[in-house]
Each structure stands twice: as structure tokens, then as C-alpha cells.
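J.: Shown below is the structure under consideration.
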Amino acid sequence: MSAPKKPRSSKAAGTRATKAASTDRASKTKAEGKPAAKSAAKKTRTRVPAAVEKDGQNPFRAVMRRSRAPEPATLVIFGVTGDLAKRKLLPAVFGLWQDGLLGSAFNIVGVGRQDMTDEAFKDFAITALKESKETDAILPGSLEKFRELLYYEFGEFGEDDVYDRVRTELDRAEEEHGGRKNALFYLSTPPSLFEPISNGLGRLGLADESEGWRRIVIEKPFGRDLASARELNDAIHRVWDESQVYRIDHYLGKETVQNLMAIRFGNAIFEPLWNRGYVDHVQITASEDLGLEGRAGYYEEAGVVRDMLQNHLMQLFALTAMEAPAAFDADAIRDEKVKVLRAVKPIPRGRVGSVAVRGQYGAGAMYGEKVPGYRQEPGVKAGSRTPTYVAVKLEVDNWRWQGVPFFLRTGKRLPKKVTEIAVVFKRPPLGIFPGGLERNVLAFRIQPDEGVSLKFSSKTPGQEMVLREVVMDFRYDAFGAQLESPYSRLLLDAMLGDATLFPREDEVDHAWQIVSGLLESWEASAGARGKASAPDLSSYAAGTWGPDEADELIGPDRRWRRL
Ligand SMILES: NC(=O)C1=CN([C@@H]2O[C@H](COP(=O)(O)OP(=O)(O)OC[C@H]3O[C@@H](n4cnc5c(N)ncnc54)[C@H](OP(=O)(O)O)[C@@H]3O)[C@@H](O)[C@H]2O)C=CC1
Ligand SMILES: O=C1O[C@H](COP(=O)(O)O)[C@@H](O)[C@H](O)[C@H]1O
């Protein structure tokens, strides 16, 4: 599906019109109820410091090596005071910078609604880096140099002033870097603000690429159903060309998700087996031990289908089931993912009961400690029907996968954190030994203990030909390298203009087409049955592997892997 082209001439006109207006706006002061724009003339900036090196070597340098460094650029993070920015984005950018991967001219403009000076923001960001578990080991002197890259702007995202001030920041960055005004805009805000921010950037001409590249990174969830995802795509395309849009799914930035492609398409032995002739079924699991972690406001609106299934799990599915792309480039890979998503048998409302199960955790125990049920979590509405677990059976109508079910499951408060793709092979056609009729399993452990294992049957030592299952295990830590944060990988890719690991418009659309039948069916049944009884929302105790109905979904001749 090709994206509508942005109307270049009208955008250029918009840029000219708003330039004059910006001079007026910039002179408004906080006394007038608007934050004062910072004058480019008055403010001096220190040159961007080079990454900290020890004896010419950064001892924490990541394995991520790229053949080119990004051009001088400004990263503008909208929603920089939020949870994601504090815990993941700022540490990811810091890690890239400390590893010397961001080039010599780079800075960050945080944008929020809170009134804060640059200095207060620098303190905020440094505290976030010190507190986040995701921050790389900090080298001596590194934080002091990193804080010099940080600036802050604030305002109402529905009004023009804040974008005008962002533009002033880009002008200033250009003066310092002596280059073009390249900018990556990262929307780390609630989804309701994606469209207003995109529009604001468009109104002020900030999507126009005549003075440097301009790209927009959009967080998930992308829409709350098929219709709203399409509306959001349309709104985004009124401002941006698809080539400027980076919809982020952090699972695609995980090393081991990329390794799935490397193993499938970088070896000759797997592909001949990767089809209905040999594969019995595939299980894709993203199990979380955590509960809500204070995100009830968001999660009550989203639930597990929008939070995990529509995006992360559908991406893992697409990478597992797609055909080999002709090349490792953005369009070749995204084309293949779209093809297989299109081949998934739709789940109309009437079939939902037989192919999907959802549940909500009740009180239980995690690692020996009692934990409350979902409805007792702070911020959750009494009698909430928000699902925290979903399992679904997908069938793919193509030659490769006809008759091979893909079982996807994800949930919160399951016994442990583990993400895995398991390709379960058919049993041997004939059993000539005692035992030995087990199914072989090739399992990609996405996290933790990243690696790949092959389970097969072997003779046990002794006089008898008795077989037992054994596991051949490759652990990713054999490379001896620290794994890069997915946000680091994806941020750097976006800075380099590489969209390979970002879902394209049509991928998001097809993923929504698959899951929207589930949502419609469950939401309609909630309306019909009222809040009190909810037969299609099963309960499971925290610390267990989800509702019993999920076992029925995969059974009777198959069972979920106990991980
Ligand atoms: N947190 C996470 O682990 C993950 C988050 N995401 C996605 O990332 C995005 C950001 O998430 P998260 O950081 O958790 O969200 P938060 O709720 O923590 O808020 C993000 C930012 O948006 C600002 N904000 C909120 N409401 C408004 C408003 N009405 N007007 C202006 N600014 C507003 C917040 O400002 P203030 O600080 O003043 O409230 C904050 O700066 C979301 O799209 C989320 O779905 C994706 C994966 C994981
Ligand atoms: O996007 C999200 O992902 C996390 C799980 O991510 P992981 O990298 O830790 O596996 C999930 O907890 C969160 O609810 C969701 O918004």
C-alpha cells in the first residue's frame, strides 16, 4: 500500500507563513502566561563533547557497530517527563552517546507541559539516568558532559508556541553544528497527543525537509482499533510522508528478535524444515511476572490485546511465519511481513470463542509472596473487565503454513518473565524404540537467558535402547557482549534513516484487522451481558500460567510449554 504524498508546496508555504509569526511569539514572556522563547543570540552553547574514552577505548562499548554515524541532528522528545522517557529513552540515548555512536554534533531537546528551566531539566535527566536500571555503567565525567547536550521547552501541545520554540532550538543547533537542521521528533506521550503534536509540527513547517531531514517516531499503541489506527495514519500522512514516519515497536529492537531472522535466513538447514511438511505448530509466548506497575490509567484503557498482542506478538508472529525476503532492507522485509499478515485467516465475531481466550488475574502469589488481584491494584476501577491475559490460535492460509496453527499467548502476573518463540516439529512417523516419539522443538529465547535451543530425543546410557529428550543449547552470552537496549538500537536506526525494524503503515493496519474481531466480539459481549457476569473473561490466580481455558484452546494433543 503506498502512502499518500504530502503536499510539498502547501507545506513550504506554511513554513514561510509561520516563520514571520514566530518572531512575535518568541517575544512573549512568562508574565503573559506563556513561557518565554529563548533567544538564540543570548544563549551560548558548549560544543558537543566527544564520548568519554579511557586509554582511547571505551570499556563499555557496545557490540553495535554501524558503518556510518548519524549526521549532526537534534533529538526532540515530546513527553520527556514521562515514565518511558525517564526509564528507557534517556538511558538509551545516553548509552549511544557514551559509546560514541551519535556522531560529534548532537543534542536533545526535551519537551513537556511542565514549566521547567534548562537547568532544572538537566538535573531531572541526570537523576533519571542515575535511577534507571537501564542506564549503562557511567564512566567518570560522562554525566557532566552529557548534561551539556540537554535543553528543555514547554507549553501546550495544542498551541503553536511550543513548536515555535522547538524551531528556535533547531536554528540554534544549526548555528553550533554548522550543518543542516536535521531533527528526529520522538512522541513519547499518551496516544491522544500523537495527532495534535504531529499537526503542530506540520503547522509550523517542522516536517518540511528543505533545511535538513525530519523524522517522527510514534510510540505505541498506534490507534485503539482498526478505524482509529486508519484515522491516525491519515492524520499523520497529511503532514508526513511515510518515509519520514517511524512507528516504534521495541520488540523489533531486541537482539534476539533480529537473531530470529539471522538464524532463519543465514543458514541453510532451517528453511527446508520451516513449513507444514515438518512443523506441527508454533507457540509464541510473552509472559510477564509484573503486574500493573502503577500504569492503571493507561492499562485500563488498553488491556492486553492493545498493549501486547496487536503489536509485539503480531510482529514476532510475522517474523516467524514470513517468506524469505529478497534482501535485508526495509521494504523487502516489510513486504514479506505484510504478505503473511494478509494470509492470516480472519477471526470473525462468531469464531472468537473457539480460537481465543482472555483472562484477568486474581489474587495469588509471586515468588512466594502474596500479591493482590488486578481489581485491587491502585487506580483500577471496581469490577474492571480489562483483560490481562490473552491466548489466540492463528491459522495462515498459504502453501507454507496450511494446517499449522500458531498459538500466541501473553499475560501479566504469570509465573515468570519469559519471551519465547517455539517451533514444534511433527512426531517421527514410526516409533521403533521405547520412548522417542516426542516432538522436537526449536526454541528462540527472546528474553531472558537469550539464546536458541533444540530439543530432541537421544539414547540414554545403558544396555537398552531407551530414548529421552535432551537439549542442545546456544546461549547468546557466548558472544561475551552486553546486549544493547532495544531503544538504543531503534533510536540509532531512526537517526540513520533505517526503517527496517519499524512497522510500516500497512503492517499496522493488517495486524489490527486480525485482532479487531477479538476486540469487537469481547466488547460487544460485555455490553450485552452487563458488567457483573463475564463468561468470556476467565480468572486466573496471579503466579499461575493463565486460565484453564487456554489449555483447552491448544489441546487435546498439544500443550503449552512450561517455561
Ligand atoms: N512506560 C512504558 O513502559 C511504555 C510506554 N509506551 C508508550 O510510550 C508513551 C509514553 O508513555 P509513558 O511515558 O508511560 O506515559 P506518561 O503517562 O508517563 O506520560 C508521558 C508524557 O506525556 C505528558 N502528558 C500526559 N498527558 C498530557 C497532556 N494532556 N498534555 C501534555 N502532556 C501530557 C506527561 O507529562 P507529565 O509528566 O506532566 O504528566 C509526560 O511528559 C505512551 O504512548 C505509551 O503507550 C510504550 C511502551 C512502554
Ligand atoms: O510495550 C510494553 O511492553 C512491556 C514488556 O516489554 P519487555 O521488553 O519488558 O518484554 C509491557 O510490560 C508493557 O505493558 C507494554 O506496554
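The values are calculated or read from the model by the stated rules, or taken from the named source; none is laboratory data. Only a predicted model underlies this, so the values are computations on that prediction, with no experimental measurement involved. Every residue, glycine among them, receives a Cβ derived from its backbone with ideal geometry; neighbour counts consider all protein chains shown. The protein model used for the area step is the full one, side chains on, heavy atoms only, and it has no ligands, DNA or RNA in it. Shrake-Rupley method; radii C 1.70, N 1.55, O 1.52, S 1.80 Å.
J.: Out of the residues in the stretch 238-270 that are open to solvent by less than 30 Å² (accessible area, probe 1.4 Å) and in contact with a Gly (Cβ under 8 Å, 6 or more places away or on another chain), which is farthest from ligand 2 (Cβ to nearest atom)?
T.: Of everything passing the filter in the stretch 238-270, VAL239 is farthest from ligand 2 (Cβ to nearest atom).
J.: I've got another one for you. Mind listing whichever residues of the stretch 259-277 are touching a helix residue (DSSP H, G or I) at 6+ places or on another chain (Cβ under 8 Å) and closer than 20 Å to LEU408 by Cα?
T.: Answer for the stretch 259-277, where residues must be touching a helix residue (DSSP H, G or I) at 6+ places or on another chain (Cβ under 8 Å) and closer than 20 Å to LEU408 by Cα: ASN259, LEU260, MET261, ARG264, TRP274.
J.: Can you find, within the stretch 134-159, the residue that is nearest to ligand 1 (Cβ to nearest atom) among those that are part of a loop (DSSP other than H, G, I, E, B) and either free of Cβ contacts under 8 Å to residues at least 24 places away in the same chain or within 20 Å of PRO486 (Cα to Cα) (or both)?
T.: Per the stated criteria, the residue is GLU134.
J.: Please list, ordered by first then second residue, the pairs with beta carbon atoms under 9 Å, 6 or more apart or interchain, first in the stretch 84-102 and closer than 12 Å to SER132 by Cα, second among the basic types (Lys, Arg) and outside any helix (DSSP H, G or I).
T.: That search, which allows pairs on different chains as well, returns ARG87/LYS133; PRO91/LYS133.
J.: On the given criteria, is ILE108 within 17 Å of PHE157 (Cα to Cα) and of a type in the set (Val, Ile, Thr)?
T.: no
J.: Still on this model: Does ARG306 fit the bill of being crowded, with 19+ Cβ neighbours inside 10 Å, touching a residue at least 12 places away in the same chain (Cβ under 8 Å) and not in a loop (DSSP other than H, G, I, E, B)?
T.: Answer is yes for this residue.
J.: Working carefully through the options GLU464, GLU549, GLU520, find the one that is open to solvent by 20 Å² or more (accessible area, probe 1.4 Å) and at pLDDT 95 or above.
T.: Of GLU464, GLU549, GLU520, the one residue that is open to solvent by 20 Å² or more (accessible area, probe 1.4 Å) and at pLDDT 95 or above is GLU549.
J.: Yes or no: ARG230 away from ligand 1 (no atom under 16 Å from the Cβ), part of a strand (DSSP E or B) and open to solvent by 10 Å² or more (accessible area, probe 1.4 Å)?
T.: No; evaluated as a whole, the condition is false for this residue.
J.: Take the stretch 412-425 and flag every residue that is open to solvent by 20 Å² or more (accessible area, probe 1.4 Å) and more than 16 Å from ligand 1 (Cβ to nearest atom).
T.: ARG413, PRO415, LYS416, PHE425
J.: Got a sec? Which strands (runs of 3 or more DSSP E) wholly within the stretch 436-513 have at least 1 residues that are closer than 30 Å to TYR186 by Cα, in contact with an Asp or Glu (Cβ under 8 Å, 6 or more places away or on another chain) and among the aliphatic types (A, V, I, L, M)?
T.: Strands (runs of 3 or more DSSP E) meeting the threshold: 441-447.
J.: Next question, about the same structure. For the stretch 361-372, what are the residues that are within 16 Å of ALA296 (Cα to Cα) and open to solvent by 30 Å² or more (accessible area, probe 1.4 Å)?
T.: Matches in the stretch 361-372: PRO372 only.
J.: Where residues in the stretch 311-329 are open to solvent by 10 Å² or more (accessible area, probe 1.4 Å) and within 16 Å of ligand 1 (Cβ to nearest atom), which of them is nearest to ALA227 (Cα to Cα)?
T.: The qualifying residue nearest to ALA227 (Cα to Cα) is ASN311.
J.: Quick test for you: out of GLY543, GLY555, pick the one residue that is free of Cβ contacts under 8 Å to residues at least 12 places away in the same chain and open to solvent by less than 70 Å² (accessible area, probe 1.4 Å).
T.: Of GLY543, GLY555, the one residue that is free of Cβ contacts under 8 Å to residues at least 12 places away in the same chain and open to solvent by less than 70 Å² (accessible area, probe 1.4 Å) is GLY555.
J.: Another question about this same structure. What do you reckon, is TYR278 within 16 Å of ligand 2 (Cβ to nearest atom) and either farther than 30 Å from ALA382 by Cα or open to solvent by less than 10 Å² (accessible area, probe 1.4 Å) (or both)?
T.: When the stated conditions are applied, TYR278 does not pass them.
J.: Right, GLY436: buried (at least 18 other Cβ atoms within 10 Å of the Cβ), farther than 24 Å from GLY291 by Cβ, away from ligand 2 (no atom under 16 Å from the Cβ) and at pLDDT below 95 or not?
T.: So GLY436 fits the description; yes.
J.: Closer than 12 Å to PRO191 by Cβ and assigned to a helix (DSSP H, G or I): is that true of SER243 in this structure?
T.: No, not satisfied.
J.: Run down ARG385, ARG409, ARG400, ARG375 and say which single residue is among the charged types (D, E, K, R) and surrounded by 22 or more Cβ atoms within 10 Å (Cβ to Cβ).
T.: Exactly one of ARG385, ARG409, ARG400, ARG375 is among the charged types (D, E, K, R) and surrounded by 22 or more Cβ atoms within 10 Å (Cβ to Cβ), namely ARG409.
J.: Collect the residues in the stretch 286-297 that are more than 16 Å from the chain's Cα centre (by Cα), within 11 Å of ligand 2 (Cβ to nearest atom) and in contact (Cβ under 8 Å) with a residue 12 or more places away in the chain, keeping them in residue-number order.
T.: Correct list: ASP289, LEU290, GLY291, LEU292, ARG295.
J.: Determine if the stretch 121-133 includes at least one residue that is under 22 Å from ALA173 (Cα atoms), in contact (Cβ under 8 Å) with a residue 40 or more places away in the chain, within 11 Å of ligand 1 (Cβ to nearest atom) and surrounded by fewer than 24 Cβ atoms within 10 Å (Cβ to Cβ).
T.: yes
J.: Please enumerate the residues belonging to the stretch 205-227 that are more than 16 Å from ligand 2 (Cβ to nearest atom) and either basic (Lys, Arg) or not in a loop (DSSP other than H, G, I, E, B) (or both).
T.: Within the stretch 205-227, ARG214, ARG215, ILE216, LEU226, ALA227 qualify.
J.: What pairs can you find where one residue is in the stretch 384-403 and closer than 30 Å to ALA541 by Cβ, the other is surrounded by fewer than 16 Cβ atoms within 10 Å (Cβ to Cβ) and not charged (D, E, K, R), and their Cβ atoms are less than 7 Å apart, with a gap of 6+ or different chains?
T.: Filtered contacts from the stretch 384-403: ARG385/ALA526.
J.: All but one of (1) more than 16 Å from ligand 2 (Cβ to nearest atom); (2) outside any loop (DSSP other than H, G, I, E, B) hold for ILE421; state the number of the condition that does not hold.
T.: (1)
J.: Out of the stretch 330-348, which residues are part of a helix (DSSP H, G or I), in contact (Cβ under 8 Å) with a residue 24 or more places away in the chain and open to solvent by less than 60 Å² (accessible area, probe 1.4 Å)?
T.: Once the filter is applied, which keeps residues that are part of a helix (DSSP H, G or I), in contact (Cβ under 8 Å) with a residue 24 or more places away in the chain and open to solvent by less than 60 Å² (accessible area, probe 1.4 Å), the stretch 330-348 yields ALA330, ILE333, ARG334, LYS337, VAL338, VAL340, LEU341, ALA343.
J.: Quick check on my filter: what residues within the stretch 169-194 are more than 16 Å from ligand 2 (Cβ to nearest atom) and assigned to a loop (DSSP other than H, G, I, E, B)?
T.: Within the stretch 169-194, GLY178, GLY179, ARG180, LYS181, ASN182 qualify.
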